[in-house]
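Trainee: Quick one: this structure, given as structure tokens, is what I'll be asking you about.
The values are calculated or read from the model by the stated rules, or taken from the named source; none is laboratory data. In this text the structure is predicted, and so the values were computed from the model without any measurement. FYI the Cβ positions are ideal-geometry reconstructions off the backbone, even for glycines, and counts take in every protein chain you see. Just so you know, the surface numbers come from the protein's heavy atoms only, side chains and all, with ligands and any DNA or RNA stripped out. Shrake-Rupley method; radii C 1.70, N 1.55, O 1.52, S 1.80 Å.
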Amino acid sequence: MVTVGHVLLVDASTTVRARLTQSLVEEGLAVTAFTSAQEALNHVDEWSFDLAVIDRNPHDAAVEPLLTMLLERPEEEPMHLLLLDPSPMGDGPPMDVRITRITDPDEVITFIQSLQQPRPDSPSAASRARVLVVDDSPTFRSSMRSLLSERWDVVEADLGGRVLPLMRSSPVHAILLDHELPDRLGIEVCRDIRRVPEYATIPIIMLTATDSEENTLKAFAAGADDYVIKGGNDVVLLARLGSHIRRYRSEMAARNAYASLRQSEADAYARKELLAVVQLKSQELMRVNDELDRFAALASHDIQAPLRTITSYLGMIQARSKDLDPAMRSFFTRAMKSSEDACRLVDNLLQYARSGWTDTTKDAPCDSILIAREAADSLATQVEKTAAQIAIGSLDPVVCDPICLKQVFENIITNALKYRSEAPPRIQIGSQADGRMVRFIITDNGVGVPAEHRQRIFQMFQRLYGSEIPGTGIGLSLCKKIITCRGGTLGVDPGPEGGSSFWFTVPAVPAA
């Protein structure tokens, strides 16, 4: 984690400067803004900055000198440089790992927030830096441990072959590497470390007992960052090591912040793409449902018209044919009944196909008692014909489309009237609270439903009895469609006095 307190801002656009300055100040940061790189060059030495945001204006020749100057500032002042470049991929990689290219000013705040969030899987997230001391001398390792442990955690290795395994198991921020090791040269170990991409920039300081220009050049060629003579000035060693560690941690934090920024952008883009697909599919589904609704209505009309004509002509022929024997009259009666049944089936199919039954946008708190009574009143002729008794108890209010709820009551009551026993039908309607749902229970004293058929009767066109009882096998499947679309369930159990006990659940009215 890196703390950002003071930001250098260079941008020729008054709008961008004002917007970024306001956003940075709202984040609690101090901002020093300039309109050009040349102006910043003239005054940049007057302040200490933690972060620089610089517009890569192609017309400002001082941008590159400003970047160079900021990168060459003393290491005690580690800098993160955000280069605002609309086309960052056009000119190759940045000139320095501390430079992060961004394409939009809005990314600055996201970058800073990410920069100040530690990553648990990164060495830059540790509260104390970790230094790996590689030397075959226990005495030297002990002295280094005493010197370094006050400021950093120390990890030790006595052989070059143990370095990479140890680094994989315990991430480090810097390495003090002896030039001469029992199993191999430190330069070879340095080359091995640099071959691992994730260790390409970790600070490596070579240690040697002699001041050899040849060894120094070889060490730098192998990828070392610094070269220190053993037994030299400890203060200098601490200062140089601290400088490299600050540079490395700053660099890793910037890289992690940049990766987090790009991941956030990728996630946002993926969500946007998914939302667009969902919206497109929703619009397509609505269009298809509208077309199906119109088709169902048209098909119903076109099919019923010839059926009604057939029924009408059959009735006229039967009425005018006085000399028909009983068998022929029976044939006419059956033909007319079949035609009427076909019309009723088409009506029920149209009802089932209409999307209105599953449209929950019209659901609202409604009076269950009033709706149950309306359903019973709509069946008054059948109630009177069968001498039925319908008792409606105290029902809880629910959230539903009143028309849909009435349809459910009508279908279940109709079944109780049709599938009756020899005794007059007795139907009781009650309800009970069931958490966030209301459970309605409709019992009757009819013929009942065998256990093996209690699931099947809710499927379309499933009927337990033959043509002696009129019906299409659609009513209960329509009820199931209405209830399940509202998160409820529907079922049937044996009645307490024989017959059936149908039940269904509907969302309760939320407590105030």
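Trainee: Given the residues Val346, Val383, Val408, which is the only one that is part of a helix (DSSP H, G or I) and either open to solvent by 50 Å² or more (accessible area, probe 1.4 Å) or modelled with pLDDT under 75 (or both)?
Mentor: That would be Val346, the only listed residue that is part of a helix (DSSP H, G or I) and either open to solvent by 50 Å² or more (accessible area, probe 1.4 Å) or modelled with pLDDT under 75 (or both).
Trainee: Out of all the residues in segment 415-423, is one or more free of Cβ contacts under 8 Å to residues at least 12 places away in the same chain, over 21 Å from Leu490 (Cα atoms), part of a loop (DSSP other than H, G, I, E, B) and over 40 Å from the mean Cα position of the chain (by Cα)?
Mentor: yes
Trainee: Only residues that are among the charged types (D, E, K, R) and in a loop (DSSP other than H, G, I, E, B): list them for segment 424-462, please.
Mentor: Answer for segment 424-462, where residues must be among the charged types (D, E, K, R) and in a loop (DSSP other than H, G, I, E, B): Arg436, Asp444, Arg454.
This table checks each residue for (1) over 26 Å from Glu72 (Cβ atoms); (2) not acidic (Asp, Glu).
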residue: Leu164; (1), (2): yes, yes
residue: Leu181; (1), (2): yes, yes
residue: Glu198; (1), (2): yes, no
residue: Gly242; (1), (2): no, yes
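Trainee: Applying the selection to segment 5-23, what residues are open to solvent by 60 Å² or more (accessible area, probe 1.4 Å) and assigned to a strand (DSSP E or B)?
Mentor: none
Trainee: Only one of Gln428, Gln459 is touching a strand residue (DSSP E or B) at 6+ places or on another chain (Cβ under 6 Å), open to solvent by 60 Å² or more (accessible area, probe 1.4 Å) and not hydrophobic (A, V, I, L, M, F, W, C); which?
Mentor: Of the residues listed, the single one that is touching a strand residue (DSSP E or B) at 6+ places or on another chain (Cβ under 6 Å), open to solvent by 60 Å² or more (accessible area, probe 1.4 Å) and not hydrophobic (A, V, I, L, M, F, W, C) is Gln428.
Trainee: So, one more: Answer yes or no as to whether Asp434 is among the acidic types (Asp, Glu), at negative phi and either open to solvent by less than 30 Å² (accessible area, probe 1.4 Å) or at pLDDT 85 or above (or both).
Mentor: For Asp434, the condition - among the acidic types (Asp, Glu), at negative phi and either open to solvent by less than 30 Å² (accessible area, probe 1.4 Å) or at pLDDT 85 or above (or both) - is not met.
Trainee: Then there's this: Does at least one position in segment 387-403 carry a residue that is of a type in the set (Asp, Glu), buried (at least 17 other Cβ atoms within 10 Å of the Cβ) and modelled with pLDDT under 90?
Mentor: Yes, segment 387-403 contains at least one residue that is of a type in the set (Asp, Glu), buried (at least 17 other Cβ atoms within 10 Å of the Cβ) and modelled with pLDDT under 90.
Trainee: Does segment 245-258 contain any residue that is among the basic types (Lys, Arg) and under 22 Å from Arg162 (Cβ atoms)?
Mentor: No, segment 245-258 has no match at all.
Trainee: Just checking, which of Arg184, Arg191 is open to solvent by 80 Å² or more (accessible area, probe 1.4 Å), of a type in the set (Lys, Arg), farther than 13 Å from Leu132 by Cβ and touching a Gly at 6+ places or on another chain (Cβ under 8 Å)?
Mentor: Arg191
Trainee: A follow-up question, please. Looking only at segment 110-141, which residues are at pLDDT 50 or above and under 15 Å from Ser264 (Cβ atoms)?
Mentor: Within segment 110-141, Thr110, Phe111, Ile112, Gln113, Ser114, Leu115, Gln116, Gln117 meet the criteria.
Trainee: If Ile371 meets every condition in (1) surrounded by 18 or more Cβ atoms within 10 Å (Cβ to Cβ); (2) of a type in the set (A, V, I, L, M, F, W, C); (3) within 37 Å of the chain's Cα centre (by Cα) apart from one, which number is that one?
Mentor: (3)
Trainee: Taking segment 161-219 as the region of interest, how many residues are touching a residue at least 40 places away in the same chain (Cβ under 8 Å) and of a type in the set (Ser, Thr, Tyr)?
Mentor: 2
Trainee: On to the next question. When Val154 is evaluated against the numbered criteria (1) modelled with pLDDT under 85; (2) among the β-branched types (Val, Ile, Thr); (3) surrounded by 15 or more Cβ atoms within 10 Å (Cβ to Cβ), which criterion, by number, is the only one it fails?
Mentor: Val154 satisfies every listed condition except (1).
Quick grid of which residues meet (1) in a helix (DSSP H, G or I); (2) crowded, with 17+ Cβ neighbours inside 10 Å:
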| residue | (1), (2) |
| --- | --- |
| Val25 | yes, no |
| Gly28 | no, no |
| Ala33 | no, yes |
| Glu64 | yes, no |
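Trainee: Select from segment 129-146 the residues that are of a type outside the set (Gly, Ala, Ser), open to solvent by less than 40 Å² (accessible area, probe 1.4 Å), farther than 14 Å from Gly160 by Cβ and outside any helix (DSSP H, G or I) and list them in ascending order.
Mentor: Val131 - this is the single residue of segment 129-146 that is of a type outside the set (Gly, Ala, Ser), open to solvent by less than 40 Å² (accessible area, probe 1.4 Å), farther than 14 Å from Gly160 by Cβ and outside any helix (DSSP H, G or I).
Trainee: Additional query: Within segment 35-58, how many residues turn out to be surrounded by fewer than 17 Cβ atoms within 10 Å (Cβ to Cβ) and of a type in the set (A, V, I, L, M, F, W, C)?
Mentor: 1
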